[in-house]
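Taking it in order: structure first as structure tokens, then the write-up.
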Amino acid sequence: MNYHSHLKCRECSRRYPIEPMAACEECWAPLEVVYDYDRLRAEISRDAIAHRPPTMWRYHELLPLTGEPYVGTSTGFTPLALAPRLARALGAREVYLKNDAVNFPTLSFKDRVVAVALSKAREFGFDTVGCSSTGNLANAVAAQAARGGFKTFIFVPADLEPEKIIGTEIYGATLVQINGNYDQVNRLCSEIAQKYSWGIVNVNLRSYYSEGSKTFGYEVAEQLGWRLPQNIVVPMAGGSLITKINKAFHELRQLGWVEPHGTKFFGAQATGCSPITTAAKKGIAEIEPQKPRTIVKSLAIGNPADGYYAVKTILGSGGAGEDASDEEVVEGIRLLAETEGIFAETAGGVAVAVARKLIEQRRLNPDESIVLAITGNGMKTLGAVSGALRDAHRSAAIRPKLAEFEENYLGLASARA
Ligand SMILES: *Cc1c(COP(=O)(O)O)cnc(C)c1O
Ligand SMILES: [Zn+2]
């Protein structure tokens, strides 16, 4: 049963049929999937959803597929956990971690968007798919395309982390490494999508891809007992995830499934690539593109496609944008690991570091509920933290002698020497 009817331009409201296109032909604004919320409200209930399997597809009526999902059938419904030890370290009362570091199958939130995009690619009849990526999207497309039997071309900047390169090639995808930054990679990818009839998940399938991000928001609300958090901190690359969590919360209010109070959105970026938070700090939605220079490669998009809407989401909610230096990001990764036992990638370090700064600045209210979006896994960005740990915890190897252990680790001079 289908509740989505057509695509609609975000700016001029022109309608388009459900087809592989992502931008309005009149004004080039993004196209949004439109649903029949009246019929949804009448026919679907929260209780019905609560009895479904724990995957992102429990919200399938709010996703733009005509049939059953084709790939990513186990994706989503990741843990939302209270984080009391991190909260104490941040000086806050009620902090939750939404942990997509353990999302299936490739350990980042990108599995959500790819599950929708490639299932839609199948419905459209594409046999070849691809993406331009800063790493996690490459992993997710490669893995799920292998499962779906697609031919796959993946375009990435050549300076990606080795874990993300290997974690793409292993699935047999054709990996095209390009000497250039993400924005140059993306431009080439758009040309290719136009010339060949391929389903590029973040180009001509972008309107469907981005709907997958909404499930992150639905899950947060359901896992809080059908409540919206008072605050949420979201790392931003192209600015799609934060925009779509906002759409998800808005839809839940419209369906009457949550109380109609708002959530303040806080967007987080690395200082070395912060076009969206820079605009948010100035209070304007116009984005000035940057050349990325940061260890946070997953968020290194200098000219973010949804930056304009991300700033509007942030400012319209009464939230704020803030960025963190590479050193603060590494500190954030360590703090999260040492307090809550969760090893996040650099984007997770950005979320923690930015939350800490915003609380210190009292722009994020430590007495209210705060959700941190942990969007990727630390095993994929080992190089970012290995240098910081070498001195901190590790001393040279010892011989297998009790006395040597006691001397080196307990500070006891050996009695039996
Ligand atoms: C892509 C990505 C984001 C942000 O995604 P956008 O929707 O492009 O803003 C956040 N965290 C991680 C780990 C990502 O890979
Ligand atoms: Zn338009």
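If one takes the longest principal axis of the Cα atoms in the chain, at what angle in degrees, from 0 to 90 and to the nearest 10, does the Cα axis of helix 326-340 lie?
It works out to around 80 degrees.
Cα atoms only: what Rg and Dmax, in Å, come out for segment 128-243?
Both quantities, over Cα of segment 128-243: 15.6, 47 Å.
When the Cα centres of segment 1-65 and segment 280-300 are compared, how far apart do they sit, in Å?
Taking the Cα centre of each part, segment 1-65 and segment 280-300 sit 29 Å apart.
How tilted is helix 382-393 with respect to the longest principal axis of the chain? Cα atoms for both, answer in degrees (0 to 90, nearest 10).
20 degrees
Let's test the formula: R0 of 30 Å, r as the Cβ-Cβ distance of Ser197 and Ser13. What FRET efficiency results, to the nearest 0.05?
0.60
Using the scaling law 2.2 N^0.38 Å as the reference, what is the normalised Cα Rg of segment 32-120?
1.32
Which of the trypsin sites (Lys or Arg not before Pro) across segment 336-382 are loop residues per DSSP, with 16 or fewer other Cβ within 10 Å?
When the trypsin sites (Lys or Arg not before Pro) of segment 336-382 are filtered for loop state and at most 16 Cβ neighbours within 10 Å, Arg362, Arg363 remain.
Take peptides 276-283, 67-74 and line them up by average Cβ neighbours within 10 Å, highest first, as a rough protection proxy.
Highest to lowest by the protection proxy: 276-283, 67-74.
Taking the highest mean first, how do the peptides 3-15, 234-246 order by number of other beta carbon atoms within 10 angstrom per residue?
Output ranking for 3-15, 234-246: 234-246, 3-15.
Run the dipole for the chain about the Cα centre, Lys and Arg Cβ at +1, Asp and Glu Cβ at -1, nothing else charged, and hand back the magnitude in debye, nearest 20.
140 debye
Working from the pairwise distances between different alpha carbons, so that the mean of 1/r is found and then inverted, what is the chain's Kirkwood radius in Å?
Computed over the chain, the radius equals 21.9 Å.
Given the options Val203, Ala121, Asn365, identify the residue whose Cα lies farthest towards the positive end of the charge dipole of the chain (+1 on Cβ of Lys, Arg; -1 on Cβ of Asp, Glu).
Result: Asn365, furthest along the dipole toward the positive end.
Please pull out the direction-averaged projected area of segment 251-323, using the convex hull of its alpha-carbon atoms, in nm² to one decimal place.
Convex hull of Cα atoms, orientation-averaged projection: 5.3 nm².
Quick one: compute the contact order of the chain, relative version, from alpha carbon pairs under 8 angstrom and 6+ residues apart, as a percent.
Contact order relative to length: 16 percent.
Looking at segment 261-338, which GluC sites (Glu not before Pro) are in a loop (DSSP not H, G, I, E or B) and have at most 14 other Cβ atoms within 10 Å?
The qualifying sites are Glu286.
What does the helix-only formula give at 222 nm for the chain: each DSSP H stretch with n ≥ 4 adding -39500 (n - 2.57), the total divided by the residues, and the result rounded to the nearest 500 deg cm²/dmol?
-12000 deg cm²/dmol
Per residue, how much accessible surface does the chain expose to a 1.4 Å probe? Answer in Å², no decimals.
Per-residue accessible area for the chain comes out at 42 Å².
Can you list the trypsin sites (Lys or Arg not before Pro) in segment 198-243 that are in a DSSP coil and have 16 or fewer other beta carbons within 10 angstrom?
When the trypsin sites (Lys or Arg not before Pro) of segment 198-243 are filtered for loop state and at most 16 Cβ neighbours within 10 Å, Arg227 remain.
Report in % the part of the accessible area of the chain that belongs to carbon and sulfur, leaving out ligands and nucleic acids; probe 1.4 Å.
51 percent
What is the distance in Å between the Cα centroid of segment 188-235 and that of segment 127-183?
18 Å
May I ask you to derive the FRET efficiency for Thr128 and Ala413 from their Cβ-Cβ distance with R0 = 56 Å, giving the value to the nearest 0.05?
It comes out at approximately 0.25.
The values are calculated or read from the model by the stated rules, or taken from the named source; none is laboratory data. Here the structure is a predicted model, which is why all the values come from computation and not from measurement. For neighbour counting, all protein chains shown are included, and Cβ atoms are generated from backbone atoms with ideal geometry for every residue, glycine included. When the accessible area is computed, the model is the full protein with side chains, heavy atoms only, and any ligands, DNA or RNA have been set aside. Shrake-Rupley method; radii C 1.70, N 1.55, O 1.52, S 1.80 Å.
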